[in-house]
Amino acid sequence: MGIVAFNWTEGNNNQLTLLMNRDNWENRVISGASWSRNGQILSGRCKANNGTWFGITKRGRVAFLVNTSLLLDRVKANSGSELYPVRFLEGNMSPDQFANEVRLHEKQSNERHVYSLIVADMASSSMVHILKPLDTKSDVIIETVPFGVHTLSSYEGLDSTESPRDLRLRGLFSQMIGDLGNIEKSQMEGIAGRFMYDVAGGRDAVFLQTRDEHPSGNLGSQHFGTTSTTALVVKRTKEVMLFERYMEENGAWTKHHFAFNIQ
C-alpha cells in the first residue's frame, strides 16, 4: 500500500513537491534509497522482486507507485507492479508512450494487481497517472495529471474524495504548501516529520502502525504499517533534494539526505 501527496506546478519555484509513505508487512524486506550502479537512478528497492515504489533519475524522470499487493503480500520474484517504475526510470519513453505500453502489457499478461502509478518527465513537464482498478480485469485507465495539489492511494487512485486518510493528508499538505516558500535542504526532514509521521508520538492519520494476522495464513501475527517516508523537492533551477526515513529489518529507523542537479 502507501499514500502520496504532491504539488505539480506550472510556474512556482518548485516544479514538484512530494511526500510519500510506503506501507507493508514486516516480513517484506525493503532497502533504503541509493544510487544505481551507473549512478543515474536514485531509488529504494523491494528485495523480493527488485522493484521500487519511488525513484528519480539524473535526467529528471520520476515514478511513484502505490498498490494493494503489499496489503495482501502478493509479491513474486521478477513480477509485479513495482517493476513498472524501474522500467520507466531506465527507459526513454515519454510518460504517455510508457502508459500505453503498460496498458498493452496488462492485456497480454493478465497479472492480478491493483495499483496507481505516476510517471513524469521534468524536462518536458509531462505527468501521467496509470490506474489499474481491478485485479480481475486487465483494464488500465490513463490520464494526464493537471497542475495542482494531488493525493494518490492504493484503492482510490488519484484525488480520492472518499478516503478519510487521503482527505486528511490533502488538508495537511495543502496547508504546508500554502505556508512554505522556497524550500531548503534543512527543511526537508522537518516537513516529512510534521506531515508523514508524528515525531511526538505517532498520532497522525497518514502514518500506519498495526498488528494483524498475515494474509498468507502461515506467518501468524505480524506488524503492518509505514516502513518508509520520502520527501522530494524538484526546483526549476534543476536542483533536487530528497529526504528518506526508512525502517531497517531490526525495526530501527535510518535517515538519508540526497541533493543533486538534473543534467
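The values are calculated or read from the model by the stated rules, or taken from the named source; none is laboratory data. Worth saying up front: this structure is predicted, and the values here are computed from it rather than measured. Cβ coordinates were reconstructed from backbone atoms using ideal geometry, including for glycine residues, and neighbour counts include every protein chain displayed.
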For segment 113-125, which positions are surrounded by 14 or more Cβ atoms within 10 Å (Cβ to Cβ) and touching a Lys or Arg at 6+ places or on another chain (Cβ under 9 Å)? H113, V114, Y115, S116, L117, V119, A120, D121, M122
Mind checking whether some residue in segment 79-102 is polar (S, T, N, Q), modelled with pLDDT under 95, closer than 24 Å to M241 by Cα and surrounded by 21 or more Cβ atoms within 10 Å (Cβ to Cβ)? no
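Per-residue answers, yes or no, for (1) in contact with a Phe, Trp or Tyr (Cβ under 8 Å, 6 or more places away or on another chain); (2) surrounded by 21 or more Cβ atoms within 10 Å (Cβ to Cβ); (3) under 23 Å from G225 (Cα atoms):
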position	(1), (2), (3)
N7	yes, yes, no
N12	no, no, no
L18	yes, yes, yes
N21	yes, yes, yes
N24	yes, yes, yes
R28	no, no, yes
S36	no, no, no
Looking only at residues that are modelled with pLDDT of 85 or more and more than 26 Å from N14 (Cα to Cα) in segment 226-250, which one is surrounded by the most Cβ atoms within 10 Å (Cβ to Cβ)? T227
Going by the structure shown, is D73 in contact (Cβ under 8 Å) with a residue 24 or more places away in the chain and at positive phi? yes
Can you say whether V75 is within 23 Å of M20 (Cα to Cα), outside any helix (DSSP H, G or I), among the β-branched types (V, I, T) and modelled with pLDDT under 90, as far as the supplied structure shows? yes
Report yes if L152 is at pLDDT 85 or above and surrounded by fewer than 16 Cβ atoms within 10 Å (Cβ to Cβ), otherwise no. no
Inter-residue pairs, beta-carbon under 9 Å, first exposed (fewer than 15 other Cβ atoms within 10 Å of the Cβ) and in segment 160-176, second charged (D, E, K, R), 6+ apart: E162/E156
So S81 fits all but one of (1) touching a residue at least 24 places away in the same chain (Cβ under 8 Å); (2) assigned to a loop (DSSP other than H, G, I, E, B); (3) over 15 Å from V66 (Cα atoms); (4) not β-branched (V, I, T); what number is the exception? (3)
Criterion violated by H150 - all others in (1) under 14 Å from the mean Cα position of the chain (by Cα); (2) within 30 Å of N78 (Cα to Cα) satisfied: (2)
Does P133 satisfy being within 27 Å of N13 (Cβ to Cβ) and touching a residue at least 12 places away in the same chain (Cβ under 8 Å)? no
Given the criteria farther than 22 Å from R22 by Cβ, modelled with pLDDT of 90 or more and under 17 Å from the mean Cα position of the chain (by Cα), does D159 qualify? no
Residue tally, condition loosely packed, with under 13 Cβ neighbours inside 10 Å and among the aliphatic types (A, V, I, L, M), over segment 205-225: 0
Confirm whether L134 is within 30 Å of S94 (Cβ to Cβ), modelled with pLDDT of 80 or more, in a loop (DSSP other than H, G, I, E, B) and aliphatic (A, V, I, L, M). yes
Which condition does E189 not pass, out of (1) within 16 Å of the chain's Cα centre (by Cα); (2) closer than 22 Å to S228 by Cβ; (3) not β-branched (V, I, T), if it passes all the others? (1)
Please verify whether segment 188-200 includes one or more residues that are touching a His at 6+ places or on another chain (Cβ under 9 Å) and surrounded by fewer than 20 Cβ atoms within 10 Å (Cβ to Cβ). yes
